[in-house]
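Visitor: Take a look at this one; I'll ask things after.
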Amino acid sequence: MAACLIRAFLLAGFLVGCAALNYAILADLNAGRVLSTQTAAGSAMLDAARATDPALDAYLQEHGRPDHLLVEGETIELFYLETDTVTRFDRTSLEGPGEVSVSEGANDFLARRRAAQREAEEQRAELRKQQEAQRKTAMEQLTRVTVPPPPLPEAGSAGPAEAPPTAVPDTGSFQEEYVEPHSTAFIPLYQLLAQNRGLANLAAVLNSGIRMPVSVTLASEECGKLNAFYNRASHRISICYELLATLAYQFQRTTNADALLSGTLTFIVLHETGHALVHIFQFPVIGREEDAADQFATWTLLHFGASGQQSALAAAVWFLRNANSRFVSKLDYANEHSLDAQRFFDILCWLYGADPAANSSLVTQGFLPRGRAARCPAELNQMQQSWNTLLGPYLK
Ligand SMILES: [Zn+2]
C-alpha cells in the first residue's frame, strides 16, 4: 500500500496521461455494467482493456471479439453467445498475466442479468413515484408558509468592490512539511513521504504560478480524523495520514491504483488550496465555497492538458465510488459540501465543457446526461472567467 501511495504522490502535479489510466477510469465508470461490444461504450471498454493487457489482446486475436463484456474490479468477463461460453480474466495487476478460465452459460447469464436489470428499473420507477408524491406534499406545505422579504440595503451602503492591488507582493510561498505521526501504523507512510518529498511537486507547481503574500504549508500529518482541510489561522493545509491510508485502501484492488490515487490526491490538495486562496485574497464567493474549491481544482488541472483532465477524472471516479458505497441520509443535505454524486457530475460537466468534441464519450457512453451537457461549455466559461478575474492579478 505504502509504496503504491508514494508513487502516487511523486506523480502528483506532473501527471502523464496514459492508456492504463484510461482503462482504470473506464473500468470504474463501467463497473458492473454488461456492455455490448456493438455499442460505443462496450467497444471503448474492450479496446482500453486490450491496450493494457497483452494476454487479453492475444486471446481476442485468437478467439475474436466477444458479443458482450463485464468488468468488475480485477475481473473481466467476455461473453461469446454463439459458443455459449464465458471467458474470465482474473488479474491482480496489469503488469503480469492473470488467470484465464472458460465456462459455459453465456446466454443464461445474460438472460438472468437482463431480468435483474428490468426488476431494478421497476423498483427505481416505483421509488421515483413515491419521491414525486413526497415532493408534491412538501411543495403544498411550502406554499402555506410565508416568508417576509429581506430588507433592501440602504442607498449607497454597498459600494463597488475594491480594485485588486496593482503590485502584489510575492513574499510567501507554498512549503512542504511531513509531520511524524503518533500512531506507529502511519510511521512507514510518513517515512516514505518525507524521504521522497511527496508534496514537493505540487508545491513547485503552485509556486511557479501564484504570487503569494504569505506562505502556505502543505503538510502531511496525523489529524485524528479522516480528512484534508485548510486552517485559516496557521495558513496550513493538512493532508491527513488517515485520509491517505483510506484512499490507498479504497483503490488497492483497482487496476492502476497509482494513477487513480495520484489524480485524486492532486485534486484534493488543489481543492484545499482553493480554500486557502479564497481566504488569503479575500475573494468574494457567490454560492458554496466548497463548490468554488472544486472549481479551482478543476480549473487549475485544465491548464495541464490531457494529464490534468485525467487527474480531474480520477477525482470524479473517487466521488462516484463514495456515492455508490453509501446511502444518502437527510443529514448529508445539511453538509456544506455538495453530495458526492453532484461533485462527480460537476467535474464531468466542466471537463466536457472544456472540449465537447474530445470528451463527447462522456455523453455518448451515458455518464453525463445530455440535458446538463448542453449547458456545460457556458458553465465552464463562466467559471473560468470568474477565476481568471479573481486570481488574474496574483498570477505570475
Ligand atoms: Zn473543502
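Computed from the coordinates by the stated procedures, all read-outs in this text should not be read as laboratory data. Just so we're clear, the structure is a prediction, and the values are computed from it rather than from any experiment. Quick reminder, even Gly has a Cβ in these numbers, built from the backbone with ideal geometry, and neighbours come from all protein chains shown.
Visitor: What is the extension gain from residue 184 to residue 100, computed as 0.36 nm multiplied by their sequence separation minus the C-alpha to C-alpha distance, in nm to one decimal? Spell out each step's value before the answer.
Guide: On the way: separation 84, 0.36 × 84 = 30.24 nm, distance 3.99 nm.
Difference between extended and current length: 26.2 nm.
Visitor: Let me check against my output: what whole-number percent is the relative contact order of the range 20-112, with C-alpha pairs under 8 Å and at least 6 apart?
Guide: Values: 141 pairs, mean separation 20.5, N = 93.
The value is 22 percent.
Visitor: Sticking with this structure for a sec: Using 0.36 nm per residue, how much length does the chain from residue 334 to residue 43 gain when fully extended, once their Cα-Cα distance is taken away? Intermediate results must be reported in sequence, preceding the final value.
Guide: Working: separation 291, 0.36 × 291 = 104.76 nm, distance 4.09 nm.
Residue separation times 0.36 nm, minus the Cα-Cα distance, leaves 100.7 nm.
Visitor: Then there's this: If I stretch the segment between residue 370 and residue 170 completely, what's the gain in nm (0.36 nm per residue apart, minus their alpha carbon distance), one decimal? Each step should come with its number before you reach the end.
Guide: Working: separation 200, 0.36 × 200 = 72.00 nm, distance 4.39 nm.
Additional length available on full extension: 67.6 nm.
Visitor: How far apart, in nm, are the 7 Å Cα→Cβ label points at residue 128 and residue 197?
Guide: Between residue 128 and residue 197, the simple spin-label model gives 5.5 nm.
Visitor: If R0 is 25 Å, what FRET efficiency do you get for residue 357 and residue 51 from their C-beta distance, rounded to 0.05?
Guide: Values: r = 22 Å, r/R0 = 0.86.
In this case the efficiency is close to 0.70.
Visitor: Give the long-range amide H neighbours of residue 37: residues separated by 5 or more places, or on another chain, with amide H under 5 Å away, using H modelled in the peptide plane at 1.01 Å from N.
Guide: 68, 69
Visitor: To continue, here is another question. Which order do the peptides 208-217, 311-320, 108-117, 268-277 come out in when sorted by mean C-beta neighbours inside 10 angstrom, highest first? Can you show the working numbers first?
Guide: Details: 208-217: 16.4, 311-320: 26.0, 108-117: 12.8, 268-277: 23.6.
Top of the packing list down: 311-320, 268-277, 208-217, 108-117.
Visitor: Something else about it: Which whole-number value in Å³ per residue fits the convex hull of the alpha carbons of the range 20-112? Display every interim value, and only then the final one.
Guide: Values: hull volume 8.1 nm³, N = 93.
Taking only Cα atoms, the range 20-112 has a hull volume of 87 Å³ per residue.
Visitor: In whole Å, what is the distance between the alpha-carbon centres of the range 220-286 and the range 321-392?
Guide: Taking the Cα centre of the range 321-392 as reference, the centre of the range 220-286 is 19 Å away.
Visitor: Taking R0 as 22 Å, what's the FRET efficiency between residue 177 and residue 226 from their Cβ-Cβ distance, rounded to 0.05?
Guide: On the way: r = 20 Å, r/R0 = 0.90.
After rounding to 0.05, the efficiency reads 0.65.
Visitor: Output wanted: per-residue J couplings in Hz (rounded whole) for the range 43-56, from phi through Karplus 6.51 cos²θ - 1.76 cosθ + 1.60, θ = phi - 60°, x for Gly and Pro.
Guide: Values, residue by residue: 5, 5, 5, 5, 5, 5, 5, 6, 5, 10, 9, x, 5, 5 Hz.
Visitor: Rounded to the nearest 0.05, what FRET efficiency do residue 81 and residue 381 give with R0 = 45 Å and r taken as the Cβ-Cβ distance? Could you check?
Guide: 0.45
Visitor: Going toward the positive end of the dipole of the range 195-305, with +1 on Lys and Arg Cβ and -1 on Asp and Glu Cβ, which of 241, 207, 261 do you reach last?
Guide: Value computed over the given set: 207.
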